[in-house]
Amino acid sequence: QDPALSWQYFGSSTGFLRRFPGTAWPPEGSKGSKLIHDFRTHNWFVQAASSPKDIMILLDASSSMTEKSFDLGMATAFNILDTLGEDDFVNLITFSEVVKTPVPCFKDRMVRATPDNIQEIKSAVKAIKLQDTANFTAGLEYAFSLLHKYNQSGAGSQCNQAIMLITESTSESHKDVIKQYNWPHMPVRIFTYLIGSDSGSRSNLHDMACSNKGFFVQINDYDEARRKVIDYALVMARPMIMYQADHPVHWSPVFVAGKSGGLGRDSEYQRRLVTTVSTPVFDGRNHSVRVANLLGVVGTDVPIEEIRKVIPQHKLGPNGYSFIVDNNGRVLYHPDLRPLGDANQYIDQLKPKYASVDITELELPETEFGNNNEPIEINKNLLNEMRGDMIKPKEGETEFTVMNHYDDSKRVSTRTHRYFYGPIEDTPFTLAIVLPEKYGSHEFVSQQEIRHSRNNVTEYFKGDNWRVHPDWVYCEYNSVSDLEKERESSGEYSSRDQEPSFGSPEEQVLHFLSRAGRPGWKWMSVRPKSPQPHHNMHSGSNGGNAPGSSHFGSQHQSSQGSRKAEPYFCDRALLQSLVRDAMVTDGLDRNTTGSSSGKEDKQ
């Protein structure tokens, strides 16, 4: 019943998905694939079910592997890569007599699992040729050494570490090298994937995995390569279940959602961009022996449009805007984030990597040139400094010159922007407000008091030749059920077949204008904030903010006070400014038509 919530769903660790409200499958009018994919390999499930991790994938590329087995092993490695997110670090090496890094610039490095890096690894592995015998010791030593270096240097995820060994056969369990690098504390989990059905190798690989807090999987076909790779995430979730009382919350990268697989114009999809917020569900039952079972993950899709509503767009001016980035610098929303390739055409495919756009790709700093025609990148450096602050995250402000496009990207101008940014409490996001230079020096204030007006203000909104700004939130109910209750109590809800929403933004404004004139009306110009977690409730006896708390969150919280929340939000200043505008416009219309009386002209 809450318009801010779309689908809510629970995905069990066994692969059962329950969705509310229910829907037919495939969706009506869908142009996309009708196949049902295993949701457990999707970002919202894997990243919520496990913590950030460093993953080393060891792929056997010796001549003992047949071409068919190598293709299946490569598919297994690719499916593992597809489960990783940008909070994870990864590298893939192939081993035969010698160890090779398929992507040369990734040698001796763990790289962030971005779509670009993963695609580089996949493309390079496809060119590998099988040769020589398999030197497992060399491969394991390289993997352990690199993981140890990242663990000690403070680089990487600084959380979980694992080795994924993919092979068709091995004659031993390699206890000597494992004992040297991983015992007794076992900082690195080992997961083994047997390609085929070699019974001798099965026992060796099973021993390697189970004696190093890992898991053994046998892969016989491509379907199993897709289904069974997720087992590693369930195993790596065990420490989180055993030792963590609070359930971590994961926010996914932005993506396009909707009932139909066909894509429309870019502006429509700006309104259908969503992010998924998900959290693991632990087995909290009392057992005679302590267990660490992950029951599943619960999640919901949050439309980006609902997040943008919290920002008072009308206060930013015609050239001001806001944007949000996550802890990796990816954009959650930005006015220049265009997921479709061409906004002027209907097309059936999204831009590649549209969910992983960095802020430096959208804010375009001006490059100046010196006396010797050498580029001076002061603005670019300031942009990178701001990005670093937003990732940490820190509050701050800066100012630099950017290139600004307009007229459907046909023209470009330069403009100096001022940036104000700060973290959003209890999320990985940082909000930035962008204002052109010298904005805010003047403000035109003109409002018409609604409650004390001698006239019915709805008289200024007769006819259908007027519109309100489509992106400004004047007033709205917190949920559809709140609207239904109001209609029933006022007698407005006369038919069960009536739509449980407003037909247009103008109809919604008229509804609240009428309601604002009734006795007992309360302005709710500040949105209610969700209750604080228990550990954030106490901020000290001095009444100040807790250490490290966000000004963005604390300022909003303090403005609420102890005021009782009503089931709606209504911006008093914005709505009364609209009434004033309508009143003046109505007077001008009357003078223009010459059909009004002297008394009406005066009014």
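Values in this text are rule-based calculations from the coordinates and carry no lab data. The structure presented is a predicted model; accordingly, all values stated were derived computationally and were not measured. Counting neighbours? That spans all protein chains shown, and the Cβs are built from the backbone with ideal geometry, glycine included.
What is segment 51-236 by shape, rounded, prolate or oblate, if you read a ≥ b ≥ c off the alpha carbon gyration tensor as root eigenvalues and call it rounded for a/c under 1.5, prolate for a/b larger than b/c, and oblate otherwise? Intermediate results must be reported in sequence, preceding the final value.
Details: a/c = 1.30, a/b = 1.12, b/c = 1.16.
Rounded.
What ranking of HIS37, HIS250 emerges when the number of other C-beta atoms within 10 Å of each C-beta is taken as an exposure proxy, fewest first?
Final ranking by Cβ density, sparse to dense: HIS37, HIS250.
What does the extension gain come out to for TRP472 and SER441, with contour length at 0.36 nm per residue minus their alpha carbon separation?
Stretched out fully, the TRP472 to SER441 stretch lengthens by 8.9 nm.
Quick one: grab Rg to one decimal and Dmax as a whole number for segment 307-438, Cα atoms only, in Å.
Final numbers for Rg and Dmax: 15.6, 49 Å.
From the C-alpha gyration tensor of segment 39-108, pull out the three semi-axes of the equivalent ellipsoid (sqrt of 5λ each), sorted largest to smallest, in whole Å. Before the final figure, lay out the partial values.
Details: eigenvalues 127, 50, 12 Å².
Whole-Å semi-axes of the equivalent ellipsoid: 25, 16, 8.
Calculate, in nm to one decimal, what TRP183 and ASN319 gain on full extension: separation in residues at 0.36 nm each, minus their alpha carbon distance.
43.0 nm
Can you tell me what percent of all Cα-Cα pairs in segment 171-259 are more than 23 Å apart? Don't skip to the answer; put the middle values down first.
On the way: 1655 of 3916 pairs.
Considering segment 171-259, 42 percent of its Cα-Cα pairs are separated by more than 23 Å.
So what is the relative contact order of segment 51-236, in percent, for Cα pairs below 8 Å that sit 6 or more residues apart?
26 percent
In the structure displayed, which of LYS53/LYS122; LYS213/LYS392; LYS68/LYS126; LYS122/LYS392 lie more than 24 Å apart, Cα to Cα?
Too far apart for the 24 Å limit: LYS213/LYS392; LYS122/LYS392.
Kindly put HIS185, HIS42 in sequence by how many other C-beta atoms sit within 10 Å of each C-beta, fewest to most.
Values: HIS185 6, HIS42 19.
Ascending number of Cβ neighbours within 10 Å: HIS185, HIS42.
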